[in-house]
Structure formats: C-alpha cells, structure tokens
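These notes are about the structure you will find just below.
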Amino acid sequence: MLVKQISVFLENKSGRLAEVTRVLAESNVDISALSIADTTDFGILRLIVNDPETAEKTLKDNGFTVSCCDVIAVSVPDKPGGLAKVLSVLETESIDIEYMYAFVGKAENEALVIFRLDNPEKAVEMLEKAGVKVLSSDKVYKL
C-alpha cells in the first residue's frame with residue numbers, strides 16, 4: 001500500500017520546473033500529483049507519477065538531484081469531516097505527519113490525499129482497520 005514519491009531539489013530560477021516536466025514527458029512519465037515548497041534560493045518538488053523508477057532515472061540522467069521515499073495515498077469522502085476522520089486515526093495512534101497534500105484524481109465524491117508519515121506501515125494498518133480507504137500503489141500510478 002506504499003506509494004513511491006519522487007522529490008526533486010530545484011534551484012529557484014526561471015525554467016527549472018518546465019525542464020523537469022519536459023524531460024519526464026519525453027520519457028512518457030505522467031504526473032498524477034505534485035507539490036512544491038520553496039525558499040528564496042531553492043525548492044523541493046514532490047511528484048507522484050505513473051512510473052517512479054523511470055522518473056528517478058530520467059531526472060538523475062538529466063542532472064537533477066532526486067530522492068525517492070514512501071508515502072501513502074488515502075481516499076477521503078469529499079464532505080465535511082472526511083479528512084478529520086483520517087487525521088483522528090493518525091492522532092489516536094500517535095503517528096506524526098511530516099507533510100501532506102491533496103491531488104486531483106478520477107474518484108467521484110472523494111478527495112485524494114498524500115501523506116508522508118513517520119510510520120507509514122502502521123498508518124496503513126490502522127487506517128484500514130478504521131475503514132479508511134488506502135489506495136494501492138498500482139491504483140495510484142494509474143490515476
């Protein structure tokens with residue numbers, strides 16, 4: 001149930017984000033979700049893609065500094081309290097959230113959220129036990 005996330009270190013200069021998307025497109029890598037956090041001098045681009053291994057290799061071959069980590073993808077009912085239920089399970093189990101971001105998927109009446117957690121395996125187990133829909137990597141990569 002763990003999903004591979006690609007993180008790319010980018011200098012904060014014009015054209016770098018366009019270059020990432022161009023080299024991924026040339027390798028037929030489709031981006032399903034992304035998040036960027038920046039400072040004055042650099043940013044970290046986080047990506048969920050259909051083929052993480054190809055994305056990582058392609059970006060490294062093109063001179064980007066890249067790392068890969070495990071995250072989980074959760075389908076949350078798109079209604080008041082949907083996200084609160086997920087966060088309550090994580091809080092009850094003392095699972096820390098390093099960061100999270102939502103993305104657009106092809107799920108009706110659901111929001112899709114990516115979580116980077118300190119204990120993703122335990123989180124998956126506890127969330128599924130609580131009836132939360134945790135998406136498999138195969139499903140996420142096909143979104």
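Assorted remarks:
- Taking 27 Å as the straight-line reach from the Cα of K60, the lysines in range (excluding those fewer than 8 positions away in the same chain) are K4, K13, K139, K142.
- Segment D51-E128, length gained on full extension (0.36 nm per residue, minus Cα span): 25.2 nm
- For the chain, alpha-carbon Rg relative to the globular expectation (2.2 N^0.38 Å, N residues): 1.08
- The chain, dipole about Cα centre (Lys/Arg Cβ +1, Asp/Glu Cβ -1), debye to the nearest 20: 280 debye
Read-outs: derived from the displayed coordinates by stated rules, not from any lab. What you see is a predicted model, and the numbers here were worked out from it, not measured in a lab. Positions of Cβ are generated from backbone atoms using ideal geometry, with glycine treated the same way; all protein chains shown enter the neighbour counts.
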